[in-house]
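As C-alpha cells, the structure follows; a few thoughts come after it.
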Amino acid sequence: MPPKKFRLGVLVSGRGTNLQSILDAIGKGEVPAEVGVIISNKETAPALERGRQHGVESIFLNPKDFASREAYDRELVTLLNARDIDLVCLAGYMKILTAGFIRAFAGKIINIHPSLLPAFPGLDVQQKALDHGVKFAGCTVHFVEEEVDTGPIVLQAVVPVQDGDTTETLSARILEQEHQIYPRAIQLIAENRLRIQGRRVLIQEPE
Ligand code: GAR
C-alpha cells in the first residue's frame, strides 16, 4: 500500500485565491500533500466552487445551524477528524476559532495574514499599513494560537510600498507573495522540516 498522504483541511470564507495556489502547487508536485476537505462558513464563497472543480469535497457549514460558536467549532473538529486531516490551513477564513478548536488541533493550524506580523493584526491591514506610512508591507504564514494573529511565524515575504500605491494595488502585490509563501510553508510542514524553539520556527534542510 502507498504511504498515507499528508492531508490538508482548508477553511475558507471568500474568493479562495490562496486555496487555489495550494491546489495548483500540489498539482505541480511542489507540495507533498492532498486537500482532504474544504469547509466554508459562507455559502456563496467562490472558494467552494474552486474546490469542487478540483474534485475536492467542499462543504458549507452554516453558522446559523448551531446554537453557539463552540458548537459550530465542535462540528468542524468532527468533520476534519472524520477525514483524517493532518493540518488545518486557514485561507481567508474570517471567523475567529474557539479555544476548543485550537486545542483540538494544537500545533496543527496555520494561517496566512496580509501584513508583516506582529505589525497590523486584525482586519483591513493593507489599508492600515498605508495609513501608517510604512515603507515595507508584506505577508506572514504563522501557526495559530488562541490569541488572534500571534502564533510562531513560519515564513514572511516583504513587499515594498510605492508612492502611488492604493489599497488595491498594494493588496494585489501582497497577494502575489501570499500565493508563493503559503504553499511553500505547507510543503515545509508536510516534509516535517520545521522545528519550533520558543517563538522561533527553524527550517531544516531536506534529508
Ligand atoms: C488574503 O489576503 C488573506 O491573507 C486574508 O484574506 C485574504 C483571502 O483571500 N486573510 C486575513 O486577513 C486573515 N486575517 P483569498 O480568499 O483569495 O485567499
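The values are calculated or read from the model by the stated rules, or taken from the named source; none is laboratory data. Please read these numbers as outputs of a predicted model, since none were measured by experiment. Methodologically, a virtual Cβ is constructed for each residue, glycine included, from the backbone with ideal geometry; neighbour enumeration extends over all protein chains shown. For the accessible areas, the whole protein counts, side chains as well, though only heavy atoms, and no ligand, DNA or RNA atoms are used. Shrake-Rupley method; radii C 1.70, N 1.55, O 1.52, S 1.80 Å.
Select from region 27-97 those GluC sites (Glu not before Pro) which occupy a DSSP coil region and have at most 15 other Cβ atoms within 10 Å, ordered by residue number.
On the way: sites: Glu30, Glu34, Glu43, Glu49, Glu57, Glu70, Glu75; in loops: Glu30, Glu43, Glu57.
Passing sites in region 27-97 are Glu30, Glu43, Glu57.
Using a Cα distance threshold of under 22 Å, what count of lysine pairs results for the chain when pairs must be 8 or more residues apart or interchain?
Within the chain, the lysine pair count is 9.
Express the carbon and sulfur contribution to the solvent-accessible surface of region 142-186 as a percent, rounded to the nearest whole number, probe 1.4 angstrom.
Values: 1070 of 2190 Å².
Of all accessible area on region 142-186, carbon and sulfur atoms account for 49 percent.
If the only charges are +1 at each Lys and Arg Cβ and -1 at each Asp and Glu Cβ, what is the size of the charge dipole of region 119-182 around the Cα centre, to the nearest 20 debye? Each step should come with its number before you reach the end.
Working: 3 positive and 11 negative charges, 49 e Å.
Roughly 240 debye, rounded to the nearest 20.
Taking 0.36 nm per residue of sequence separation and subtracting the Cα-Cα distance, how much length would be gained by fully extending the chain between Thr169 and Ile96, in nm to one decimal? Please report the intermediate quantities before stating the final value.
Working: separation 73, 0.36 × 73 = 26.28 nm, distance 2.70 nm.
Gain in length upon complete extension: 23.6 nm.
Give me the dipole magnitude in Debye, nearest 20, for region 67-207 about the Cα centre, with unit charges on the beta carbon: positive for Lys and Arg, negative for Asp and Glu.
Numbers: 14 positive and 19 negative charges, 62 e Å.
Using only the charged Cβ atoms, the result is roughly 300 debye.
Between Gln180 and Arg195, what is the spin-label point distance in nm, taking each point 7 Å from the Cα along the Cα→C-beta axis?
The answer from the label model is 2.7 nm.
How are the alpha carbon pair distances in region 79-155 distributed across 5 Å bins from zero to the largest one, expressed in percent?
3, 15, 26, 22, 15, 9, 6, 2, 1, 0
What number, in percent, do you get for the relative contact order of the chain if the mean sequence gap of Cα pairs under 8 Å and at least 6 apart is divided by its residue count?
Working: 380 pairs, mean separation 39.6, N = 207.
Answer for the chain is 19 percent.
Using a simple spin-label model with points 7 Å from Cα along the Cα→Cβ vector, what separation in nm is obtained for Asp65 and Leu79?
Computed distance between label sites Asp65 and Leu79 equals 0.8 nm.
Enumerate by residue number the GluC sites (Glu not before Pro) in region 123-174 meeting two conditions: DSSP loop (anything except H, G, I, E, B), and at most 10 other Cβ atoms within 10 Å of the site's Cβ.
Passing both the DSSP loop test and the Cβ count: Glu147.
Equivalent ellipsoid semi-axes for region 1-137, as square roots of 5 times the alpha carbon gyration tensor eigenvalues: give them largest first, rounded to whole Å.
25, 20, 15
How big is the antiparallel share of DSSP beta bridges in the chain, given as a percent to the nearest 5? Don't skip to the end; give the middle numbers.
On the way: 15 of 32 bridges.
Here the share of antiparallel DSSP bridges comes out near 45 percent.
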